[in-house]
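**Q** Please read through the structure below; I'll follow up with questions.
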């Protein structure tokens with residue numbers, strides 16, 4: 001289905017709607033574009049070092065590739081590679097593909113496109129061109145992988161094609177009707193060449209593939225294209241051993257279309273396709289690295305809340321601090337110290353501490369007296385203390401606060417301090433600690449750790465210890481036992497269950513869900529798994545209830561003991577910080593965090609081969625409206641590190657958003673269209689089922705306890721200019737803002753630019769400028785093509801705003817105006833026009849354009865009058881003089897007490913046109929002077 005288009009509001013409003021370009025990418029800088037569907041550009045490398053061809057390909061852009069899917073993975077077939085190499089040969093004047101070897105199947109990702117580079121080396125033997133073909137996921141800045149190599153040559157000698165009489169032939173293949181228009185864009189459409197090769201296989205000309213493998217035409221020799229654009233061919237062949245043939249394709253009158261001197265087939269194991277190849281998206285890990293930040297020379301003036309850790313001014317409660325600050329207390333920033341405490345029960349501590357911090361943050365954000373006072377929250381050894389990650393409760397607090405940061409940018413900062421070093425002189429020095437914290441806030445870093453007397457910052461980095469293509473490595477699944485999956489009948493749980501049965505040979509499954517066998521689709525899932533040879537038992541149990549979980553574990557048959565756990569259960573209950581209730585927080589924690597802890601305690605003495613915890617990127621990145629989920633996910637991630645530090649199996653994966661259509665539902669099934677567009681625009685992509693499962697296997701193969709699995713669109717994230725700090729080692733941005741983003745380089749800079757523009761305008765012009773700004777930001781939030789699609793008086797509710805998009809708009813407008821704005825902004829001012837008037841009223845611009853702006857305008861008028869030909873036109877001179885006299889009269893009416901102005905007015909009022917122009921020359925002065 002196509003995206004609905006918004007109709008113009010009146011007949012003469014124009015917007016271009018271009019047809020979607022089917023070729024898959026853009027030419028790089030300096031590239032010459034040409035019309036092959038798989039190669040977009042050609043670049044001649046400097047110094048005669050060679051030629052580079054590049055392009056992008058995806059199953060979405062080329063739907064015919066779905067016909068060549070292997071194990072549900074779309075593959076760019078060897079025939080397509082041959083055609084693009086031959087097309088490149090045309091550019092180089094080489095007509096013969098003398099040798100071509102495919103090293104690995106080029107499997108395409110469903111989530112992102114695949115980038116291809118065909119690189120020809122510099123000068124070699126006369127008339128020959130050696131090349132290498134590389135590919136990688138296009139939007140992930142992944143390393144390049146070599147997929148094929150070969151040699152093109154220029155050969156004018158006649159080609160001795162294989163004769164049909166020496167082998168077989170007679171088969172005719174033709175292109176599908178829907179592909180006929182594409183034929184002229186290829187030398188020989190890959191679908192037609194693939195069909196011809198399949199005809200050769202079906203005729204028995206080559207030995208069939210072995211068990212568990214697929215036959216791939218891997219080694220090609222002496223390939224020549226004689227005619228292009230064919231839509232049907234007759235296939236002839238000559239066997240050259242058990243696994244090789246010579247092939248001749250001819251048209252309807254017997255003229256040669258393509259000849260292959262020899263093509264040999266290799267057996268490729270099935271796992272080479274399932275592994276992902278170029279489709280293998282990367283996993284990421286969070287690392288804390290030393291920052292180039294020195295203690296602030298003039299630290300902020302700090303006030304601590306509570307009494308346990310105060311290093312200077314202190315207040316018992318937030319309200320007391322707010323009252324003092326409002327009364328003029330010298331406080332620049334507030335700080336609160338959070339300890340997990342010595343509670344014997346980890347879950348009691350989890351619920352208590354997170355509840356306390358939620359209440360504190362809600363109070364802080366609601367108090368307008370603190371709008372300009374940042375809040376620093378300090379935990380102890382929770383995030384960066386090393387691999388143990390023992391501060392799971394503190395990690396949960398930080399997860400909650402990361403979501404609060406997303407809703408209120410620039411107001412909340414997170415710090416972590418190592419307990420073990422507090423007595424060594426670094427962090428213990430209150431003055432130095434104040435200066436370090438101040439430096440982090442000045443740098444705009446939302447979170448940092450102060451360890452060893454220095455600052456460390458978190459960044460995501462590509463994980464290299466296990467790749468999604470590492471099939472055959474230890475996967476952590478023991479097929480002889482039972483695998484427990486919480487949320488086992490949900491979209492993710494059932495997806496994992498099918499994967500374990502189909503790909504890892506698991507035969508015993510215990511699927512937990514709150515509704516048990518009564519859950520929608522449970523019966524069909526059990527039947528499907530049974531048909532695949534597995535026994536699945538569905539049990540009604542809430543994993544957050546320790547007793548119920550223990551009872552479910554006791555039902556595991558002794559003959560198939562528990563060997564692995566997958567915790568995929570969770571409850572969806574999004575809410576902004578201001579609206580989040582203790583009950584909602586507790587329910588989400590129970591389903592995710594409590595359940596994970598119960599699973600840990602009940603199985604820690606069992607010889608498990610895998611303990612997999614599904615969390616989300618909310619626990620690492622945060623996100624507006626996701627505070628409860630971020631809290632639970634951060635706890636789960638820290639639990640995995642705790643298990644890993646004690647030698648227990650553990651793999652926590654922070655998933656990005658899954659493609660609900662591809663996995664058959666899930667928590668994203670009801671995601672609003674505006675939210676989807678915003679997610680994509682921010683540089684993230686949705687996870688397809690196949691890609692996610694490959695990442696699951698890779699995560700277990702790598703062995704790290706905590707990883708992040710989110711497909712990135714680096715180009716989109718970079719284009720947005722506002723790259724989250726956590727991604728800045730992955731997404732490099734220019735040191736200068738793009739032209740379109742200059743006004744948004746920062747809140748202060750944006751506000752100054754806007755203020756300067758507004759100061760020079762009249763009242764009506766100011767209203768229009770602010771309204772245009774509001775409509776531009778609304779269009780960006782909702783994913784519209786432009787501000788013209790946003791009605792000025794249309795209600796925000798009718799435009800599709802919800803609490804999350806309202807916060808997004810509020811944050812954008814704060815960046816543009818420099819104003820402190822409440823999260824209820826769009827609900828308090830229910831249309832773009834009303835909101836624009838409110839923003840304009842909040843700005844201190846005076847009653848009209850300032851004196852400097854008025855003088856600038858007068859100077860422009862002076863230059864116009866003195867440089868105009870009308871000065872020599874008596875009638876025009878008189879008209880101008882009359883206007884000037886009237887204008888001066890209006891100005892002097894506003895200053896009745898100014899005798900000097902009145903005298904000038906009298907003089908001008910009785911002046912002739914010549915006198916007026918002489919006055920301009922002599923009294924005001926020319927612009928040039």
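Derivation of every value follows stated rules applied to the coordinates shown; laboratory data play no part. If you're wondering where the values come from, they're calculated on a predicted model, not measured in any experiment. Note: ideal-geometry Cβ built from the backbone for every residue, glycine included; neighbour counts use all protein chains shown.
**Q** So, in nm, how far is label residue 646 from label residue 798 when the simple model puts each one 7 Å beyond its Cα toward the Cβ?
**A** 5.9 nm
**Q** Can I ask one more? Per 0.36 nm of contour for each residue apart, how much would the distance between residue 530 and residue 820 grow if the chain were fully extended, relative to their Cα-Cα spacing?
**A** Value of the extension gain: 98.5 nm.
**Q** If you average the C-alpha positions of the stretch 184-215 and of the stretch 553-609 separately, how far apart do those two centres end up, in angstrom?
**A** 49 Å
**Q** Now for a separate question. May I ask you to derive the FRET efficiency for residue 348 and residue 672 from their Cβ-Cβ distance with R0 = 45 Å, giving the value to the nearest 0.05?
**A** Given R0 = 45 Å and the Cβ-Cβ separation, E is 0.75.
**Q** Shifting gears a bit: What does the extension gain come out to for residue 287 and residue 837, with contour length at 0.36 nm per residue minus their alpha carbon separation?
**A** 193.4 nm
**Q** Separation between the residue 889 and residue 125 pseudo-spin-labels, each 7 Å from Cα along Cα→Cβ, expressed in nm?
**A** 9.8 nm
**Q** What FRET efficiency comes out for the pair residue 294/residue 461, r = Cβ-Cβ distance, R0 = 22 Å, nearest 0.05?
**A** 0.35
**Q** Quickly work out the residue 862-to-residue 362 label distance, labels modelled 7 Å from Cα along the C-beta direction, and quote it in nm with one decimal.
**A** With each label point 7 Å from Cα toward Cβ, the separation is 6.2 nm.
**Q** Here's another thing I want to ask about it. To the nearest 0.05, what FRET efficiency results for residue 769 and residue 316 with a Förster distance of 35 Å applied to their C-beta separation?
**A** 0.15
**Q** Hey, how many Å between the Cα centroid of the stretch 619-694 and the Cα centroid of the stretch 758-809?
**A** Answer, in whole Å: 31.
**Q** Fully extended, how many nm does the chain gain between residue 172 and residue 581 (0.36 nm per residue separation, minus their Cα-Cα distance)?
**A** Length gained between residue 172 and residue 581: 140.3 nm.
**Q** With only alpha-carbon pairs counted, each pair once and no self-pairs, how large is the Kirkwood hydrodynamic radius of the stretch 741-842 in angstroms?
**A** 13.5 Å
**Q** For the stretch 615-723, what is the relative contact order in percent, using Cα pairs closer than 8 Å and at least 6 residues apart in sequence?
**A** It rounds to 30 percent for the stretch 615-723.
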